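No value in this document is a laboratory result; all are computed from the given coordinates. From a predicted model like this one, the values you see are computed outputs, not experimental measurements. All Cβ positions, glycine included, derive from the backbone under ideal geometry; neighbour counts span all protein chains shown.
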Amino acid sequence: MHTVQLQDHLENIESDISPTLREKLQNLPTSSGVYQFKDKTGQVIYVGKAKNLRARVQSYFRSCSEHNRKTALLVSKIADLELILTSSEVEALILENNLIKQLKPRYNINLRDDKTYPYIVITNEPFPRIFPTRTVVRDGSKYFGPYTDGKQMRALLDAISEIFQVRSCSLKLTEENIRAKKFKVCLDYHIKKCQGPCEGLQSEADYDAMISEVRKLLSGKTRDAIRSLEARMKACASALQFEQAAGLKRQLEALKRYTEKQRVMTIDDIDRDIFAIAAQDDDACGTVFKVRDGKLIGSMHYYFSNIEGVPMPELLTRLLEKYYLETTDTIPDEIFTAEAPAHLDALQALLKTRLAEQGESKTVEFIVPQIGDKAKLVSMCETNARHLLSEYLLQKQKRGEALAIPRSVYALERDLRLPKLPRRIECFDNSHFQGAESVSAMVCFVDGKPKKSDYRKFKIKSVEGIDDFAAMAEVIERRYSGSLATELPLPDLIIVDGGKGQLSAAYEVLTRLGLQIPIIGLAKRLEEVFFPNESLPHNLPKTSSSLKLLQQARDEAHRFAITFHRHLRDKRTLSTELTEIDGIGKAKAEKLLKTFGSLAQIELASVEQLAEVVGKKAAETVRRYFDQKRNQAQSADTDAPSLSDEVSH
């Protein structure tokens, strides 16, 4: 569609459409793919497929008065859209089905049949069975599909049944059961549909050889099967068995249709991740396609900045590292990339570690496809990366260069003379009460905003009494040398709450660990900033945005530490002797302490006084506990030897 015509069409769109969505509608591709409509909260409300994304998506926003009520309501909710480009309409159909199952969009549930497409499975057991299923179980079984045409799948299963003598029973045909003669042949054996492996009339090796041929048929290697069907069809026709010949012809046609489909999409059980990167000037977009059991189940993308001068293999390695460090998905058998990534040995080691965590042991193969269907998958991934990058650059141009990063972060880089922008800041603070329940807290700010998922709390373990310097040294070492060192990324700036003493203790630990991370101390009294190896503090302007950001991080760390300390102190206070009495929980203990003031006064109270607070039964339990305690103490005093006894001995 020409630009002028497109502008005319967009004039018909609702006047309240967002400028961002209007821009996307003007830059839609004409290729096939899947589109996802989102509401103003970012939730996907509809997933659809299209042979021509531009024509299909823009049709929703033309002639809105002609839409039915449901479609008009859908259009009124659309605030944003996301695209996934595919190389064929069939791929778009299967991907659409997977996304609907995963996302369960509101308007898809009301307007579409959300069924799961079936598979054909070859089970992982002695004498494997072959049957249709809608559930994929990772038990080593081989799955083929999904099949969007149920009739075609059933015709294919019938063809397999006609050509091969595959057992239809669900008996557990172990070697022990067969040797013990636990089973008898069924009707299938007598009508030549099965060779009777249940009675040992067919060896497992012979049966597995037959299953191997079935695998070839289901994988698209159907030349022998087609030749066999053609021969049988001609034989039936020569014998004037036209009805049987017609049935064989239908099976043959169904098998040929399946074969044609398999040439378009090769369905296997190999898990693959496909990576591609599109770069322009100082920005890049990395896209990941996740293929599981032969299905393209979805995609992810990441944006990168400050990449000028970085070679593509290095950038690709960073994308792979980021994805496999963060993903909770299974590690695939193969990884497709447009070119070989750098530091391949390091990537293999990372994957080996993740596989060990998942209890697997295999070698992941890195492949750079050059021709064929695999190369087309990589090309499709690259197309999506380029499309997403063009959208990103367009939005970045409209918003300005300081994309989502507040000015205070840039001001902090300038005022503290930092080597790089402090996008990730970690701040530490200690808390205790007269040396008891010593704790420390770490808060994290990313792009000037708290990232609470990265907050961490620490109980001080190695420090006795009041020693803020040693406590700060301990927590810094635990954060940057223990498991947290690999769990969380390193910050661009570290802030410790305190003066030169706390800063020196923390800096000594960082130096011993070989970490060169900028670190400062922020003293509360005069809001002075201390640097390592400098005796005099620095004073930032009181009204500067950089100082306000430091204060915000320090105050948040203080709040987090105090909250944690109070929680531990309250927990210890409530764990009094009362809660050790059977039937007296936290609530009743609080009532008793609040009413009588102390444990000693509770011990002196009568049953009647106690019953007024916690009831008669609990009062009797408390009174009995303290009476037994007093009797045990008196008995111990009576049994103890007197001074005269000791002298006489």
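Annotations for the structure displayed:
- Theoretical FRET efficiency, 1/(1+(r/R0)^6), r = Cβ-Cβ of Leu393 and Thr363, R0 51 Å, to 0.05: 0.85
- For segment 444-528, the list of trypsin sites (Lys or Arg not before Pro) that fall in a loop by DSSP and count at most 10 other C-beta atoms within 10 angstrom reads Lys461, Arg525.
- In terms of distances greater than 23 angstrom between alpha carbons, the cross-link table entries Lys500/Lys542; Lys77/Lys290; Lys142/Lys172 yield Lys77/Lys290.
- Taking each of Lys249/Lys374; Lys457/Lys524; Lys362/Lys457; Lys24/Lys376 in turn, the alpha-carbon distance tops 30 angstrom for Lys249/Lys374; Lys362/Lys457.
- Intensity falloff of segment 441-595 expressed as log10 I(q)/I(0), Debye formula with alpha-carbon point scatterers, at q = 0.19, 0.21 Å⁻¹: -1.22, -1.44
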